[in-house]
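The values are calculated or read from the model by the stated rules, or taken from the named source; none is laboratory data. All of these numbers come straight from a predicted model, not from anything done at the bench. All Cβ positions, glycine included, derive from the backbone under ideal geometry; neighbour counts span all protein chains shown.
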Amino acid sequence: MTEVSQAVAGRSVPATSAPARVGPRLMRLANPTVASLILLVIVLLAWEFLPTALDVPKFIIPTLSDCLAELARMWAYEGLLGHFLSTALYTVLGFIVGSLLGAVLGYLLGMSAFWEKVLSPYILALQIAPKVAFAPLFIMWFGYNAMPKLLVTVLIVFFPVLVNVLQAMRTVDRDLVNLARAYNLSRLGVFWKVEMPSTLPNLMAGLRIASTLAVIGVTVGELVGGNTGLGFLISYGGGQANAAMVFNAILLLTVIGYALYFALVKIEARVLHYLPRAEH
Amino acid sequence: MALEFRNVTKRFTTANNALTAVSDVNFRVAPGEFVSVVGPSGCGKSTILSMTAGLYQPTEGEVLVSDAPVTGPNSHVGFMLQKDLLLPWRSIISNIEFGLEARGVAKAERRDRAMKELAHCQLAGFENHYPYQLSGGMRQRAALARTLAIDPEIILLDEPFSALDAQTKLLLQNSFAGTIAETGKTTLLITHDLHEAVLMSDRILVLSERPGTIVAEIEVDLPRRDRPLERRVMPQVADYAAQLFKHLKLEEKAA
């Protein structure tokens with residue numbers, strides 16, 4: 001037992017260094033990546049065979065092969081690629097615009113205690129308000145085009161970034177700021193050389209949260225109105241009792257969110273290279 | 001005079017009360033001199049430092065650095081705290097350059113001066129390391145290098161050794177004393193460690209409890225200010241420490 005748990009804890013420990021009495025096959029099982037993949041295979045197998053075994057109809061839970069067949073059909077006849085790219089594009093666009101606005105406003109408010117106090121109750125109110133509920137309003141205002149879904153995404157991405165940046169600006173080490181002042185740095189110099197870099201870890205955390213929300217914003221925008229995107233395919237497929245289409249759209253949305261999240265994790269590792277790595 | 005306090009009083013007023021941190025403080029520090037300020041905690045030691053650095057102004061009286069009144073943060077003064085205040089996202093060399101950046105020093109010259117101070121503080125070879133890769137003592141030496149790089153007339157040290165373990169502390173006091181003696185900088189050390197004050201200074205100012213005012217001034221008449229490790233074994237050190245002990249009325253407090 002101890003051998004196995006040690007192997008789990010020490011991911012980088014090569015299998016050869018393990019005690020000889022634990023077989024190599026068991027060692028491979030203890031590797032989290034392998035275990036994770038095995039879990040995936042089990043879930044996929046259950047998905048494929050359980051619904052048929054339990055007599056669940058296809059329009060309630062389509063099997064894996066049903067979904068793959070539907071995916072090929074969507075690719076050929078529903079213009080899946082176009083829908084996918086449109087959703088991906090607006091997810092990324094909404095994420096960039098929303099987080100830029102959130103970061104800029106966060107830094108501006110972080111530099112002015114006065115305006116932060118003036119605006120914070122309203123920011124809190126807007127943060128609490130369910131952003132997705134704005135979607136129908138945006139459609140009334142801007143019509144059935146890409147604008148509403150972009151706006152919902154921007155709105156939903158905006159707050160976690162804003163709040164994280166603001167929080168970080170409040171907790172910048174006063175002694176560091178004093179040091180910079182003693183070295184004759186201007187207000188702007190203090191911002192660029194001390195405050196902004198100090199807040200980077202929080203900014204990156206905010207961006208990571210925002211990246212998972214961006215997909216939600218776009219999906220809701222597409223569900224409520226419009227005729228493009230994976231969100232549209234969900235409501236379209238739902239209307240036709242085509243559960244496989246809905247399944248596929250959800251999976252592809254997850255893929256987009258996953259890709260965005262991991263891109264950010266990579267960027268974060270780059271940007272925050274100077275932080276000591278936590279020992280896992 | 002390198003540094004002079006003339007009848008300096010500092011009061012902090014908040015919404016519902018006023019607090020006098022230091023009251024009628026007078027002292028002078030000659031160029032090249034190493035002076036320590038000791039006193040009970042909360043006696044306004046750091047207030048003296050902040051006023052010298054120009055971070056805030058005295059309520060009454062005047063602070064003069066090189067015979068000119070201090071009106072704001074200025075390049076004559078370099079200060080160092082218990083925290084090393086290295087910027088974690090910068091390499092050591094670029095941390096040392098930090099103080100020069102707002103002064104219009106050309107990039108190449110900045111690097112030159114920083115490399116020189118790096119060597120001075122026995123950190124050669126660590127220029128491309130990041131702060132988290134260095135030990136506490138090395139980080140403090142890097143902070144000293146940054147302070148020296150701006151070539152200040154006065155160095156203010158606010159308990160720079162108090163966060164270190166006992167052995168690192170001795171070695172670092174020794175290395176700081178050597179470096180400071182070499183550069184001939186005027187230094188004001190704020191400390192609560194009586195032995196440290198005796199080992200490192202030419203003169204010691206003793207502050208009373210708040211509102212802080214100077215109650216004693218002790219000349220440390222010992223050789224080898226540049227080698228605290230050698231001073232440490234001299235028998236007179238204990239006498240000086242005992243004098244400080246008496247002035248701080250520590251026995252009465254213990255009773």
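Observations
- Sub-6 Å Cβ pairs linking a first residue in segment B:89-115 that is at the interface with another protein chain (Cβ under 8 Å from one of its Cβ atoms) and more than 22 Å from B:Gly125 (Cβ to Cβ) to a second residue that is surrounded by fewer than 19 Cβ atoms within 10 Å (Cβ to Cβ) and not hydroxyl-bearing (Ser, Thr, Tyr), at least 6 apart or interchain, are B:Ala102/A:Asn184; B:Ala102/A:Gly189, ordered by first then second residue.
- A single member of A:Thr91, A:Thr63 is modelled with pLDDT of 95 or more, touching a helix residue (DSSP H, G or I) at 6+ places or on another chain (Cβ under 8 Å) and of a type in the set (S, T, N, Q), and it is A:Thr91.
Conditions tested, residue by residue: (1) of a type outside the set (Lys, Arg); (2) surrounded by 20 or more Cβ atoms within 10 Å (Cβ to Cβ); (3) within 14 Å of chain A (Cβ to nearest Cβ); (4) under 20 Å from B:Pro31 (Cβ atoms).
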site: B:Ala124; (1), (2), (3), (4): yes, no, no, no
site: B:Asp151; (1), (2), (3), (4): yes, no, yes, yes
site: B:Phe161; (1), (2), (3), (4): yes, yes, no, no
site: B:Leu170; (1), (2), (3), (4): yes, no, no, no
site: B:Ala177; (1), (2), (3), (4): yes, yes, no, yes
site: B:Ile204; (1), (2), (3), (4): yes, yes, no, yes
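- Scan of segment A:100-116 for residues that are without any contact (Cβ under 8 Å) to a residue 40 or more places away in the chain, of a type in the set (Phe, Trp, Tyr) and surrounded by 13 or more Cβ atoms within 10 Å (Cβ to Cβ), ordered by number: A:Trp115
- Residue count, segment B:83-109 (criterion: under 17 Å from A:Leu275 (Cβ atoms) and either of a type in the set (Lys, Arg) or touching a strand residue (DSSP E or B) at 6+ places or on another chain (Cβ under 6 Å) (or both)): 1
- Residue ID - surrounded by the most Cβ atoms within 10 Å (Cβ to Cβ), chosen from residues in segment B:69-88 that are touching a residue at least 24 places away in the same chain (Cβ under 8 Å), more than 9 Å from every other protein chain (Cβ to nearest Cβ) and not aliphatic (A, V, I, L, M): B:Asp84
Quick grid of which residues meet (1) surrounded by 13 or more Cβ atoms within 10 Å (Cβ to Cβ); (2) farther than 21 Å from B:His120 by Cβ; (3) in contact with a helix residue (DSSP H, G or I) (Cβ under 7 Å, 6 or more places away or on another chain):
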position	(1), (2), (3)
B:Thr187	yes, no, yes
B:Asp193	yes, yes, no
B:Met200	yes, no, yes
B:Glu209	yes, yes, no
B:Ile214	yes, yes, no
B:Val220	yes, yes, yes
B:Leu229	yes, no, yes
B:Gln236	no, yes, no
B:Lys253	no, yes, no
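- Every residue from segment A:188-229 that is within 11 Å of chain B (Cβ to nearest Cβ) and basic (Lys, Arg): A:Lys193
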